[in-house]
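What follows is a set of notes on a single structure, which appears directly below.
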Amino acid sequence: MRKAITSALFTVLFAFGAMFAYAEDLNLTIPLPLTGTQAKFGEIQKRSYEIAAAEINAKGGIKGKTLVLKFEDSGAKPEVARGIVEKLIDVQKQPIIIGEYTSACAKAVAAVSEERKTPYMVVVSGADDITQQNYKYVFRLNSPNANYADGLLGFMQAVVKPKTMAILHESSDFGTSGADEMAKHAEALGIKVLLKEKYEKGAVDFKPVLTKVKSLRPDVVYMVSYVMDAALLMRQIKELRLDANLFAGGAAGFAIPEFVDNAKDASEYVVTSTLWSPQVKYKGSKEYAEKYKKMYGDYPSYHGAAAYAALFVAKDALERAKAWTPEDIRAAMKATKMQTAFGNVQFVDKNGYQNQNFIPTLALQVIKGNHETIWPKTMASAKYLYPMPKWRQRK
Amino acid sequence: MKKFYPLITLAVLLVLPLLGFSTYVMHIFILLLMWATIGMSWNLLSGYCGQVSFGHAAFFGIGAYTAGILYSKAGASPWLGLPLSVFVVGVFAFIIGLIVLRLRGPFFALATLASGEVFRVSAENMDWLTNGTLGIMLQKRLWVSKEPYYYIILAIAVATFLLMKYLISSKLGYFFVAIREDQDAADSLGINTTLYKTIALVVSGMITGVAGAFYMNYMGYIDPHIVFALHDVSIITIMIVMVGGVATQWGPFVGAVIMVMLQEAVRSIGSLGALHQAIFGLLLIFIIIFLPNGIVGDFGKIKRFFGLGRVRA
């Protein structure tokens, strides 16, 4: 009997022990959704982390150590993400956690990191409250969801001047908080929100809700969605000949090249907010974008740029930290002030956020099948096309 | 020898945290025990009583939200959700039972599936109560270390195991099996089938609800997509019991070992990349084809053929 128990225990130990190896290298494991509905975003980020790591290693690594990246698939499930991070902190003794994508997973990871006092850099998770919890060890590289639409709102105020708006959003943390913020901003600007409705994420038929939107005749239709829904929405808007002065998207699904690929000509003229575009003039961003396109055939979205920049921010903090202890790294992170391909990075406590980096958000428009930066004007790569033709006037 | 198995397992589980495992391994053990508990509760309703439920996420979610709402709206400790969820889920399970237990076979399965979805959509839209899709987040969990959580879920799992053992060997257990084998025959023997099916559903729901409340306390964040998930809760529950062994005492436990531990182990093999799900899926298909009664149910077969061999119906 004892033999049976011992062998059972050994099996368990083996299963978990076999995955870890130690070397002189700096091992950094990044949790990402690599399977499931969020896999597209995970893939863009994974590639970008790899590009950044290759660049860092070509220049001598971090404090002479070669950076070795590994990825673990969380499948966008919070308890799996939590498990991965527990492993990173406790077993691999990784001094800093980077990554995850969906807000639900980022919240789970943030909670672990704070409890275990290990710095965690949120890279592209939008939900506002991640950095509103008075967490000391959680840093966020991307602007919070509340600021996502700033560039878009600027464009709307200056050019479109809408009076009414309809908001559609997917039923997720990201979708809801994005829609709520947009409604708040719109009301403040005197734009009447005629409709704010959520739909099931991953739905295939939006016609009932779009018919409702059509009957209300809003000036602007604003949508917050991940990738497939964004393309489907625009295609069905086209099929229904739903006309508005402006179709606008709240980043994520509207801001990646797959949106244009999937929605085809229905994506023309669609404006979306974004945190970054390949045309921005931050130092190194163009080089990164071109390198990515050369390797993978498409320009990356802001998700990739954030991931790319995140590794440099981590490198910078690790190099400045006196020792690679959580406390010192946290202090170094807090003192971060650098230029990256994703903009200037500085983690500040402001407007109820802690350790939050703020970067200007942009508006993109799909012009002839490409995402072009149209707003703010100082960063524009093309002149915006407005007003846009009605569906029946398009060929 | 055989009757000592529960005690030996319990002793091993009791000393596990003292062996100095990392928090990661402890996290896996905690999830394992949680899923074993849910599996046992599903096994009562679907394994013994024959009412195959595709909607256990409803009970799991209601339990989790009981704890979450206590915290977010009443400012109370979410731990109170554990005892309270027994009551709340019991009431909801009774109401669901009134509707779905009128149906049989596949219609029952579909009705439970729908009830899970109904609760998810409700939770998404009742913003004033559930905070909608933004979910409920605990500012701070009670403990950082894993041991308290481990012993709490272990206590729940052991209590569930004993309760199941008691129920199945009691008169109720025979009624359940009679209903599973032939409801009409059971009826004609004078068994009040509606009553006993309701009892099975309510008890099963309560236990799943407690596990849900535990999840809230342990994970610290819930939203409707997480706790009312069709695939990640309802289907996983079914898989745990199917793989482990339907209508067996140890089946849910063994199933949870496979579905939680083995899945995590397969997922952690770095070289597989995104392929891990396919590999794990193949493994499940393999188990279900060759061991239709689950690992525990077909243990004799495993012994004889060591996992490879002819299938005897």
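The values are calculated or read from the model by the stated rules, or taken from the named source; none is laboratory data. Only a predicted model underlies this, so the values are computations on that prediction, with no experimental measurement involved. In this analysis, Cβ positions are derived from the backbone assuming ideal geometry, glycine residues included, and neighbour counts consider all displayed protein chains.
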List every residue pair whose Cβ atoms sit under 7 Å apart, with the two residues 6 or more apart in sequence or on different chains, where the first one lies in region A:55-69 and is in contact (Cβ under 8 Å) with a residue 40 or more places away in the chain and the second, anywhere, is among the acidic types (Asp, Glu). A:ILE62/A:GLU319; A:LYS63/A:GLU319; A:LYS65/A:GLU24; A:LYS65/A:ASP25; A:THR66/A:ASP25; A:VAL68/A:ASP25; A:LEU69/A:GLU50
I need every pair where a residue in region B:13-35 that is within 13 Å of B:ILE156 (Cα to Cα) and within 10 Å of chain A (Cβ to nearest Cβ) has its Cβ under 6 Å from the Cβ of a residue that is part of a loop (DSSP other than H, G, I, E, B) and among the hydroxyl-bearing types (Ser, Thr, Tyr), sequence separation at least 6 or different chains. none
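Does A:TYR269 count as more than 14 Å from chain B (Cβ to nearest Cβ), surrounded by 20 or more Cβ atoms within 10 Å (Cβ to Cβ) and not aliphatic (A, V, I, L, M)?
Numbers: more than 14 Å from chain B (Cβ to nearest Cβ): yes; surrounded by 20 or more Cβ atoms within 10 Å (Cβ to Cβ): no; not aliphatic (A, V, I, L, M): yes.
Considered against the rule, which asks whether it is more than 14 Å from chain B (Cβ to nearest Cβ), surrounded by 20 or more Cβ atoms within 10 Å (Cβ to Cβ) and not aliphatic (A, V, I, L, M), A:TYR269 comes out as no.
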Please go through region A:181-223 and pick out each residue that is within 18 Å of the chain's Cα centre (by Cα) and at pLDDT 90 or above. A:MET182, A:MET223
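I'd like to check something: does region A:246-254 contain any residue that is closer than 30 Å to B:GLU117 by Cβ and aliphatic (A, V, I, L, M)? Full working, then the answer.
Kept after step one, since they are closer than 30 Å to B:GLU117 by Cβ, are these residues of region A:246-254: A:249-254.
In the following step, the residues that additionally are aliphatic (A, V, I, L, M) were identified as A:251-252.
There is at least one residue in region A:246-254 that is closer than 30 Å to B:GLU117 by Cβ and aliphatic (A, V, I, L, M).
Which is of a type in the set (A, V, I, L, M, F, W, C) and closer than 17 Å to B:SER204 by Cβ, of B:ALA67, B:ALA114, B:ALA93? Can you show your working first?
Details: B:ALA67 fails: closer than 17 Å to B:SER204 by Cβ; B:ALA114 fails: closer than 17 Å to B:SER204 by Cβ.
Of the residues listed, the single one that is of a type in the set (A, V, I, L, M, F, W, C) and closer than 17 Å to B:SER204 by Cβ is B:ALA93.
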Which of the residues that make up region B:67-94 are aliphatic (A, V, I, L, M) and farther than 23 Å from B:THR160 by Cα? B:ILE69, B:LEU70, B:ALA74, B:ALA76
Selection from region A:115-153 of residues acidic (Asp, Glu) and touching a helix residue (DSSP H, G or I) at 6+ places or on another chain (Cβ under 8 Å) yields A:ASP128, A:ASP129
Quick count over region A:350-394, residues being among the polar types (S, T, N, Q) and loosely packed, with under 14 Cβ neighbours inside 10 Å, is 3
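Given the criterion farther than 24 Å from A:LYS136 by Cα, over 17 Å from the mean Cα position of the chain (by Cα) and polar (S, T, N, Q), identify the matching residue among A:GLN346, A:GLN393, A:GLN339.
Values: A:GLN346 fails: farther than 24 Å from A:LYS136 by Cα; A:GLN339 fails: farther than 24 Å from A:LYS136 by Cα.
Checking each option against the conditions leaves just A:GLN393.
Does region B:194-202 contain any residue that is small (Gly, Ala, Ser), within 19 Å of the chain's Cα centre (by Cα) and over 30 Å from B:LEU103 (Cα atoms)? Give the steps one after another, and end with the answer.
So the first thing to find is which residues in region B:194-202 are small (Gly, Ala, Ser), and the list is B:200.
Now drop any that are not within 19 Å of the chain's Cα centre (by Cα), which leaves B:200.
The next check asks that each one be over 30 Å from B:LEU103 (Cα atoms); those that pass are none.
No - not one qualifying residue is present in region B:194-202.
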What number of residues within region A:239-266 are crowded, with 23+ Cβ neighbours inside 10 Å and β-branched (Val, Ile, Thr)? 1
Scanning region A:37-46 for residues that are within 13 Å of chain B (Cβ to nearest Cβ) and of a type outside the set (Asp, Glu) gives A:THR37, A:GLN38, A:ALA39, A:LYS40, A:GLY42, A:LYS46
Kindly establish whether B:THR160 is more than 30 Å from A:ASP180 (Cβ to Cβ), of a type in the set (S, T, N, Q) and modelled with pLDDT of 95 or more. yes
Has region A:368-391 got at least one residue that is in contact (Cβ under 8 Å) with a residue 24 or more places away in the chain, touching a Ser or Thr at 6+ places or on another chain (Cβ under 9 Å) and under 19 Å from A:ILE98 (Cβ atoms)? no
Qualifying helices (runs of 4 or more DSSP H) (wholly inside region A:103-218; at least 3 residues being closer than 30 Å to A:GLY343 by Cα, among the hydrophobic types (A, V, I, L, M, F, W, C) and more than 13 Å from every other protein chain (Cβ to nearest Cβ)): A:150-155, A:173-188
Just checking, does region A:240-252 include any residue being within 25 Å of A:GLY36 (Cβ to Cβ), over 18 Å from the mean Cα position of the chain (by Cα) and modelled with pLDDT of 90 or more? no
I'm trying to understand the selection: among the residues of region B:118-134, which are facing chain A (nearest Cβ under 10 Å) and out of contact with any Phe, Trp or Tyr (no Cβ under 7 Å at 6 or more places or on another chain)? B:VAL121, B:GLU124, B:ASN125, B:ASP127, B:ASN131, B:GLY132, B:THR133, B:LEU134
Look through region A:57-101, keep the residues that are of a type in the set (Asp, Glu) and closer than 20 Å to A:GLU43 by Cβ, and return whichever of them is farthest from the other protein chains (Cβ to nearest Cβ). A:GLU100
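Every residue, every condition in (1) in contact (Cβ under 8 Å) with a residue 12 or more places away in the chain; (2) of a type outside the set (A, V, I, L, M); (3) buried (at least 21 other Cβ atoms within 10 Å of the Cβ), yes or no:
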| position | (1), (2), (3) |
| --- | --- |
| B:TRP128 | no, yes, no |
| B:ASN131 | yes, yes, yes |
| B:GLY135 | yes, yes, yes |
| B:GLN139 | no, yes, no |
| B:PRO148 | no, yes, no |
| B:TYR151 | yes, yes, no |
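Is at least one residue of region A:44-64 charged (D, E, K, R), farther than 18 Å from A:PHE312 by Cα, out of contact with any Asp or Glu (no Cβ under 9 Å at 6 or more places or on another chain) and at pLDDT 90 or above? Steps first, answer last, please.
Kept after step one, since they are charged (D, E, K, R), are these residues of region A:44-64: A:46-47, A:50, A:55, A:59, A:63.
Now narrow it down to the ones that are farther than 18 Å from A:PHE312 by Cα: none.
No: region A:44-64 contains no residue that is charged (D, E, K, R), farther than 18 Å from A:PHE312 by Cα, out of contact with any Asp or Glu (no Cβ under 9 Å at 6 or more places or on another chain) and at pLDDT 90 or above.
Closer than 22 Å to A:TRP391 by Cα, in contact (Cβ under 8 Å) with a residue 60 or more places away in the chain and not in a loop (DSSP other than H, G, I, E, B) - does that describe any residue in region A:273-280?
Initially, region A:273-280 is screened for residues closer than 22 Å to A:TRP391 by Cα, giving none.
Checked against the condition, which is being closer than 22 Å to A:TRP391 by Cα, in contact (Cβ under 8 Å) with a residue 60 or more places away in the chain and not in a loop (DSSP other than H, G, I, E, B), region A:273-280 yields no hits at all.
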Go through (1) closer than 22 Å to B:VAL233 by Cβ; (2) within 14 Å of chain A (Cβ to nearest Cβ); (3) outside any helix (DSSP H, G or I) for B:LEU103 and report which single condition fails. (2)
Looking for something in contact with a helix residue (DSSP H, G or I) (Cβ under 7 Å, 6 or more places away or on another chain) and either under 18 Å from A:TYR299 (Cα atoms) or not assigned by TED's automatic domain parsing to the domain that holds A:TYR302 (or both) - is there at least one such residue anywhere in region A:324-337? no
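Limited to region A:64-121, what total is found for residues that are among the basic types (Lys, Arg) and surrounded by 24 or more Cβ atoms within 10 Å (Cβ to Cβ)?
3
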Only residues that are in a helix (DSSP H, G or I) and among the acidic types (Asp, Glu): list them for region B:154-185, please. B:GLU181, B:ASP184
Quick check: anything in region A:105-117 in contact (Cβ under 8 Å) with a residue 60 or more places away in the chain and of a type in the set (A, V, I, L, M)? yes
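Would you mind listing the strands (runs of 3 or more DSSP E) fully within region A:339-380 where at least 2 residues are over 30 Å from A:LYS315 (Cα atoms)?
Working: elements: A:343-345, A:348-350, A:353-356, A:362-367, A:370-375.
Per the criteria, A:362-367, A:370-375.
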Restricting attention to region A:322-338, report how many residues are over 26 Å from A:SER285 (Cα atoms) and in a loop (DSSP other than H, G, I, E, B). 4
